[in-house]
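The values are calculated or read from the model by the stated rules, or taken from the named source; none is laboratory data. What you are looking at is a predicted structure, and each value in this text was computed from that prediction instead of being measured. Cβ placement follows ideal geometry from the backbone for every residue including glycine, while neighbour counts extend to all protein chains displayed. SASA here: full protein model, heavy atoms, side chains in, ligands and nucleic acids out. Shrake-Rupley method; radii C 1.70, N 1.55, O 1.52, S 1.80 Å.
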Amino acid sequence: MTTEGYQEIERFLSETTGLDPESLGRKSIANAVDAAMKALGIRRVVDYLGVLRSGVETLEDLLERVVVPETWFFRDGETFNYLRIYLEERGFPGSEKKPLRLLSAPCSTGQEPYSIAMTLLEMGYSPERFRIDAVDISAKSLHIARKGLYGRGSFRQKGKDRHEHFFSKSEDGLRIDPEVSGLVQFYRGNLAVPYALRKQERYDVVFCRNLLIYLTEEGRRAVLANIDRLLVADGLLFAGNSEVVFFFQNGYLPVKHARSFACRKTGTCSLQGVVAPRPRPAPLKKEPRVRLNLKTVPTPGRREKVPETVQRVHAATSLQEVRDLADRGELHEALRLCEQFLRANRCHSEGYYLMGLINFALDSFTAAEEFFQKALYLDPRHYETLIHMGLLYEKRGDHTKASIIKDRIERFRLNHADPQETL
Ligand SMILES: C[S@@+](CC[C@H](N)C(=O)[O-])C[C@H]1O[C@@H](n2cnc3c(N)ncnc32)[C@H](O)[C@@H]1O
C-alpha cells in the first residue's frame with residue numbers, strides 16, 4: 001500500500017468533512033483505513049479509494065473510525081455557570097410563543113446538550129420556554145446520545161453529585177432521565193459544508209466547542225461561517241478553551257467571565273456566508289507588536305528558595321489571574337503578569353505555556369514558539385502546549401514541524417485514551 005494512496009484518502013476526508021489529518025494523527029487515519037479495508041475485504045488502497053468516492057456509506061464508516069468523540073457532562077464548568085448568569089441578567093428570556101433557542105454543534109454523545117438542558121431546568125425554566133438542538137456528523141455518537149446511558153468517564157467535573165437526581169442507576173451506568181433527554185432534538189449534520197442546518201431558525205446561544213481544533217484552516221472557516229449565520233445578531237457563543245481566539249480574530253468580542261470561553265457576536269464577523277478558502281482574517285483590533293524582555297525569562301533548571309507549598313498556592317493564584325485577563329482579551333496586561341510570575345517561578349511549564357498562548361493570540365509567533373519550547377522542555381507531555389505548537393507551525397506554513405508535533409500529540413492520545421469514551 002502506498003503512502004500516496006493514504007494521502008489521497010486524507011485529502012478526500014479533509015475536503016468532505018474539514019477534518020485535518022495532522023490534528024487527527026496520520027497514523028490513526030492509516031490504522032482506520034486498514035481496519036475499514038479489512039472489514040470490506042479490500043486489499044489495495046487504490047480500490048478502497050474508489051469505493052470511498054462512490055459510496056456515502058464507506059465514507060461514513062471511515063468517519064466513525066477517525067472522529068474524536070471525547071466529551072463529558074459540564075465540561076469546562078464555568079461555561080455553564082456563565083450561561084446561567086447571562087440568562088439571569090437578561091431576565092430569563094424565552095416564552096412559549098418565542099422559546100429561547102440553543103444549539104450544541106457538535107454534540108458528540110450528548111453530554112453537552114444534556115448539560116445545557118439540566119442547567120435550564122435547574123434555573124426553573126419550563127420545557128416549553130426553550131428548545132435545544134444538537135448536531136454531529138457521527139451517527140454512532142448520536143445513537144449513544146439518544147440512548148442516554150453513560151459510564152464513569154462522562155462524569156469528570158467537580159461537584160458532579162449535584163446533578164445525580166437527573167439520572168437513574170442501571171447495571172451499565174447512569175441513564176439520563178427522559179425528563180431531560182426529551183428536551184434535546186438530535187440531528188445528523190456536517191458543519192463544514194456550506195449552509196449547514198440551513199432550515200433551522202437562528203439561535204440565541206450556540207455551543208461550538210472542541211471541533212475547530214480538529215479542522216483544517218478551510219474547515220474552520222466553513223464552520224465559523226455556518227455558526228455565524230446560525231447565531232442571532234447579538235448572540236452568545238461558547239467555544240473550546242483553545243478555540244475562542246479564532247472567534248476573537250473574526251470579530252467576536254470576549255465576555256468578561258473567566259474560563260467561560262464565551263464571546264459575543266458583534267455583527268462585524270468577516271466570515272458571513274464565506275465557504276471558500278480566504279487569507280488569514282485580520283484581528284479585530286490591531287494590537288501593537290509585543291516587546292518581550294526575553295532576558296528576564298529564566299533558564300529552566302534554577303529554582304527560587306521559596307517554600308514549595310507557598311510557591312504552589314501563589315503560582316495557582318497568579319496563573320489564574322493571567323488566564324482571567326487573557327480570557328477577557330486584556331492580553332498585554334496578561335503578558336505583564338505572566339512575565340512577573342515567571343520571574344518568581346522559574347520552572348513552571350504552565351507559565352511558559354500561557355506566555356506562548358498569549359503571544360500566539362497577539363500574532364507574535366516567534367516569541368510564542370520560544371515559550372512553547374520552554375514549556376515542553378519542562379514538561380514534554382504538556383498536551384495543550386503540543387496542540388498550540390502544532391497550530392502555530394500550521395499557521396506559519398511549517399508543515400514538517402507541524403507534522404512532528406502532531407505525531408507527538410497522537411502518541412500522547414494513544415497513551416491516554418479513556419476506554420469509557422471510545423466508541
Ligand atoms: C471532541 S467532540 C466535542 C463534543 C462537545 N462539543 C464537547 O466539547 O465536549 C468533537 C465532535 O465533533 C464531531 N465532528 C467532527 N467533524 C464534524 C463535522 N464536520 N461536522 C459535525 N460534527 C463533526 C465528531 O463526531 C465529535 O463528536
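Among the residues of region 83-104, those that are open to solvent by 20 Å² or more (accessible area, probe 1.4 Å), part of a helix (DSSP H, G or I) and out of contact with any helix residue (DSSP H, G or I) (no Cβ under 9 Å at 6 or more places or on another chain) comprise 85, 89.
Got at least one residue in region 163-176 being of a type outside the set (Ser, Thr, Tyr), within 16 Å of the ligand (Cβ to nearest atom) and within 22 Å of the chain's Cα centre (by Cα)? No, region 163-176 contains no residue that is of a type outside the set (Ser, Thr, Tyr), within 16 Å of the ligand (Cβ to nearest atom) and within 22 Å of the chain's Cα centre (by Cα). Remark: pairs (first residue in region 167-192, closer than 19 Å to residue 74 by Cβ and touching a residue at least 40 places away in the same chain (Cβ under 8 Å); second residue away from the ligand (no atom under 16 Å from the Cβ) and assigned to a strand (DSSP E or B); Cβ separation under 7 Å; 6+ apart in sequence or on different chains) = 176/167. For region 195-215, which positions are more than 26 Å from residue 392 (Cα to Cα) and within 12 Å of the ligand (Cβ to nearest atom)? Within region 195-215, 196, 197, 206 meet the criteria.
Among the numbered conditions (1) modelled with pLDDT under 85; (2) farther than 17 Å from residue 402 by Cβ, the only one that residue 340 does not meet is (1).
Taking into account only those residues within region 82-106 that are among the aliphatic types (A, V, I, L, M) and touching a residue at least 60 places away in the same chain (Cβ under 8 Å), which is nearest to residue 190 (Cα to Cα)? Lay out the reasoning, then the answer.
As a first pass, look at region 82-106 and keep what is among the aliphatic types (A, V, I, L, M): 83, 85, 87, 100, 102-103, 105.
In the following step, the residues that additionally are touching a residue at least 60 places away in the same chain (Cβ under 8 Å) were identified as 83, 85, 100, 102-103, 105.
Working: 83: 26, 85: 31, 100: 24, 102: 18, 103: 14, 105: 10 Å.
Looking at the filtered set, the residue picked out is 105.
The residues of region 22-38 that are open to solvent by 10 Å² or more (accessible area, probe 1.4 Å) and either within 15 Å of the ligand (Cβ to nearest atom) or within 19 Å of residue 391 (Cα to Cα) (or both), listed by number, are 22, 23, 26, 27, 28.
From the list 115, 104, 126, 108, pick out the single residue that is out of contact with any strand residue (DSSP E or B) (no Cβ under 8 Å at 6 or more places or on another chain) and within 16 Å of the ligand (Cβ to nearest atom).
Values: 104 fails: out of contact with any strand residue (DSSP E or B) (no Cβ under 8 Å at 6 or more places or on another chain); 126 fails: within 16 Å of the ligand (Cβ to nearest atom); 108 fails: out of contact with any strand residue (DSSP E or B) (no Cβ under 8 Å at 6 or more places or on another chain).
Criteria check complete, one pass: 115.
Number of residues in region 129-139 that are within 16 Å of the ligand (Cβ to nearest atom) and either more than 24 Å from residue 243 (Cβ to Cβ) or of a type in the set (D, E, K, R) (or both): the value is 3.
Here residue 120 meets each of (1) open to solvent by less than 10 Å² (accessible area, probe 1.4 Å); (2) within 16 Å of the ligand (Cβ to nearest atom); (3) farther than 26 Å from residue 14 by Cα with one exception, condition (2).
Results for (1) within 19 Å of residue 357 (Cα to Cα); (2) crowded, with 23+ Cβ neighbours inside 10 Å; (3) basic (Lys, Arg); (4) within 12 Å of the ligand (Cβ to nearest atom), shown as yes or no for each residue.
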{"position": "217", "(1), (2), (3), (4)": "yes, no, no, no"}
{"position": "229", "(1), (2), (3), (4)": "no, no, yes, no"}
{"position": "233", "(1), (2), (3), (4)": "no, no, no, no"}
{"position": "237", "(1), (2), (3), (4)": "no, yes, no, no"}
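What are the residues in region 59-76 that are more than 20 Å from residue 216 (Cα to Cα) and open to solvent by less than 20 Å² (accessible area, probe 1.4 Å), if any?
Of everything in region 59-76, those that are more than 20 Å from residue 216 (Cα to Cα) and open to solvent by less than 20 Å² (accessible area, probe 1.4 Å) turn out to be 71, 73, 74.
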